[in-house]
Structure formats: structure tokens, C-alpha cells
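Written out below as C-alpha cells is the structure these notes cover.
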Amino acid sequence: MLRDMVTVQAKLIFDNSEDKQRVLDLMRRWSSCMRYAYKRLLEGYKRNELKRQLQGIFNLNSRYVDDAIMKANSVLNSCKERGEDSKKVIFGGRELFKKLQKRHINGKAYRKLQREWQEKRRGNLYSRGDRSKKGNLNTRIEIDGVLIRLRINVGEREYVYATIQPGWKRKGKTYVDRNQLLQAISTCGEPYSVELKLKRGVVYAYFTIEEVFPKPAITRANGVIGIDTNAYPRHVAWVETDKNGQLVGYGEIPMPELESGSSSKREYYRWQYAHMIVEMAKEKQKAIVIESLSIKDRGRRGDFSGRKSRRIRHYFGYRSLLEKVKLLAKREGVEVIEVNPAYTSVIGMLKYAPQFMVSKDVASSYVIARRGLGLRERIPHNYMLLLSSLDTNSLEEIKEYVKKVVKNPNVRKKQLKEIDRVIEFLRSSGSETGRLSEPLDGTSAGSCGKNHNPWRVLRVVVVTPLSPGKVLRDMSVLKSLLVSGQVGRPSFGASSCFLGQGLWLSQIPPAGAGKA
């Protein structure tokens, strides 16, 4: 059985201001206890001696104190893992602290920052679950008719009750999905942790429980569905394959709602799209292949760069979408395979986009699907002929063409830098004549290394001359190269173009030429 942690967020509504104030006072004392425990841990104090001491200082029961020590210890361990100075931790946030130090902020803006700082520093409470108590003793979920309430222990056998308001509003102002989940948490008898946070004067509760997933019943044995997320244009491209990796079907799911709007609205639609993807996998009885969520710095890749690109990626939230797909698939018993996304777009646009006459995004999802099945990607024969005859003089010719044609200085700099990388690779591998003829393995965890350099060379040699100033999305112009070995580019002058010794390249017009 698979296990994972699930967190449900909800707002707490108190019956009166007095009850809310008692909880806020409890949160203030617990936050102070946690900070005090952190300082004592730095001084070398042990948990047991701290536990006896802190109960009397902050008027908290042993469970609250133990949880505060545990949180303080987790902050200390986190600093050590990141190599940071544990003595310079600022509770409440370093960024807010630095803003409050600036002299030019005053008036309403300063008071707003000060209130936010105080809430982050003082408005916290954490309570661990206990299996022997069948849930959580200090903060317990209770069902009161149609209402779900949280019982909070504010002293010795003194409790405050708050109504839990979870989820998005539906017709009739009722809450459906998260209410049912909270009811299941309260009745399952499993331990769950509760964390309270104060934000803009409102107390929010975060309920976390360990979820047990069924063993996957839908696996790659029947084939897979490869998923490729694209922040621009905003859509998910998908490809269905059989168990041998042969193309069965493909399509795209447009996502215009992720272009703008509030964060809660975009989060809602990400869940909806994740449900669509998982339902499709269940209907087709295929496993799902996605890009690995552990890949770092993916935000710098893609078709665009700069401030506009950062805004687009921020709204799209590819990682959040894939995490939802992964979670829902586990709940439905659908196998999820994560693969290294390195060079999937390049391989797709050069190999499968012209072969099947599909978009580069669909072709990329096909490479992801095949990689999930453990299949290797070989460079087509005609591409190998092109690589075997390539020399640095041809690449210098492309550099001059890019300098002449590309007007955008940032794009021009990026293209020239990529060409220089290829020239360096070509010079370093000049003595290894058999290296480029080896098959490329796109399935291993380290597949983004040297084995993929020939695909980078091909992208520069084939795609850059055709569309040096913008991303080439229609790859049909490359089909003649795959079939006959011919490849072309816009002419630099009246003469024909040559790349390498003895390989003639016919003049094929740029992609999109001749269209109305």
C-alpha cells in the first residue's frame, strides 16, 4: 500500500469575540514557547528537561510544549541541512524584518507590515495527532449535526469551539467536497495533526493526515498517456501509446483560465484539469507519464524568456498541476511514472513532429510517453549523415546569418551562445568519430548528459537557420529531410547552401512560407 500526507485548509468561525481572543492568546503563548525552546536547544538543553521547564513558564500542557519543542528542533535541523547559520534565524520572516527596518516606510504601509510581522511571529499553534487517542486530543474535529466544529483545548479541561468553514462555495452556500473529507478524517480513528495560523485577523486551520492509496490497478502493461505541460500557449498536450510505444492517439487540453484571475480561482481550475487527465487515463486504462517533479530550474526553460515569461509561468503553475495529477491518480489506482524531461522537446520537434505531422508539444509528450515505457530514442539515419559531414565552418556561417537577421538583442545573444556551445562540442569530439553513431538512451536518470549533445547540435544546425528569431512550431518542413535527407534554410545570398563536405542541401523555404 502507498502512503502520502494530505492537508486540508479551512477557516475557523468563532461564536463570539471572547472565544477568539482566548485562542489568540493560546497561539501567542505557544509561539513564544517555540521560540524560547529554539534558543535553549542552541544552548544544548535536552528535550526532557525543557519539557518540564516550559510548562510552568508558558502555562501550556505537556502535549503543546512537546509539539513546540519538536517544531523548534525541525527549524534547527533545517538550518543545518541548508548550511545556514542557526543563530541568525528570524521568526516571522527575514524579508518582512528587513522591510520594517527601512526608514522610508511609514504610516499605513508600515502598520500593515508590522501587523503581518506580528501575525507570522505570534499567530501559530501546532498540535500533533495521537493514534492511542484516535485522532488529536488538544484540537479535535467534532460533528455537530450539519456543522463540523473544532474543539480547541485552551487550558485544563477548558475548551473553545469554532465552526470549520472549508472549501469553495457551491449553490445554496453549502460546502461539499472538503466537508466530506473532514468528516472522514474525524471518524476514521487515525491520528491527524492540526496547525493554526493567523492571517489578516482570520484564524485558518490546516488538517494533515496520512492517506493510504490502493495498489495501482491501471499500469503501463496496457500502454501509457504522456503529458507535456506548456505555459505558452497555455495547454496540456497528451499522447496515447500502446504497450510497445506505438502512437494510438493524441490531443491538447486548452487552459485559458490559468492565464489570469485570483490564486484561488486558478487553483480551482488546476484541480478540474487534473481530474480531466486522470479520468481520461481511467477511461483508456493507461498509466500516466509526467515530467519528474524533482527537476530543478525548469522555469528557465521553454519557448520564451524575460519578464513576460516569468509572469506566464507564475500564473500557469506547472508543478502544482502535475502534483494534483499525481495525487488524484494515486487515489484512483492509476500508475504514475515520472521521467527526466531533458531534451524531450528537442527530440520531439526533430524526430516525431515532422514524421506524424503534429505540433512540437504533442511530439514532446510522445517522447515523454516512450521514455516512461523505457524505450530508447535513436537519431534518424539522415540526421546522422548530416552530423557526420558537419564542420565548424558551417556553424560560423550560421552565426553570421543569425547576427544579420535576428533583431532582438536578447534572442540573438541566446542563439549565438547556443551555436558557440555546439562549436565547442564539435571540436572536443572531433577525434571520436564513432560517438555520434551510437543510440541515445533517454530513459536513465542521468540522461541529460553528454549522450544528448547530438540532439543539441541538430537543433542548432536544422532549426536555427529555418527560424532564428522565434520558436518554430510547425515542423512539417523537416519531413523531406527525414525521408530524402534534404534540409534547407533561407539563402544567405544568391548561391546555394552547403553544410559540411560533400552534402548538398536543397533550398526548402522557411516554415510557413507560401501560406495565405
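The values are calculated or read from the model by the stated rules, or taken from the named source; none is laboratory data. All values reported here derive from a predicted model rather than from experimental measurement. All Cβ positions, glycine included, derive from the backbone under ideal geometry; neighbour counts span all protein chains shown. Areas reflect the complete protein model, heavy atoms only, side chains present, ligands, DNA and RNA absent. Shrake-Rupley method; radii C 1.70, N 1.55, O 1.52, S 1.80 Å.
For Trp117, the accessible surface of its heavy atoms amounts to roughly 40 Å² (probe 1.4 Å, protein chains only, rounded to the nearest 10).
What full-extension length gain, to one decimal in nm, is calculated for Glu190 and Val146 as 0.36 nm per residue of separation minus the Cα-Cα distance? All intermediate terms of the calculation are to be shown ahead of the outcome.
Details: separation 44, 0.36 × 44 = 15.84 nm, distance 2.21 nm.
Gain on extension, Glu190 to Val146, equals 13.6 nm.
Of the three principal axes defined by the Cα atoms of segment 1-110, the extents in descending order read 46, 44, 42 Å.
Using C-alpha pairs under 8 Å with a sequence gap of at least 6, the mean separation divided by the residue count of segment 11-167 gives a relative contact order of 31 percent.
Database remark: amide H of Tyr250 closer than 5 angstrom to the amide H of Glu240 (H placed geometrically; neighbours at sequence offset of 5 or more, or on other chains; Pro and chain starts carry no H). Highest average first, the peptides 187-193, 476-482 ordered by how many other beta carbon atoms sit within 10 Å of their residues are 476-482, 187-193. Assuming R0 = 22 Å, what is the FRET efficiency of Leu113 and Lys11, from their Cβ-Cβ distance, to the nearest 0.05? Once rounded, the FRET efficiency stands at 0.40.
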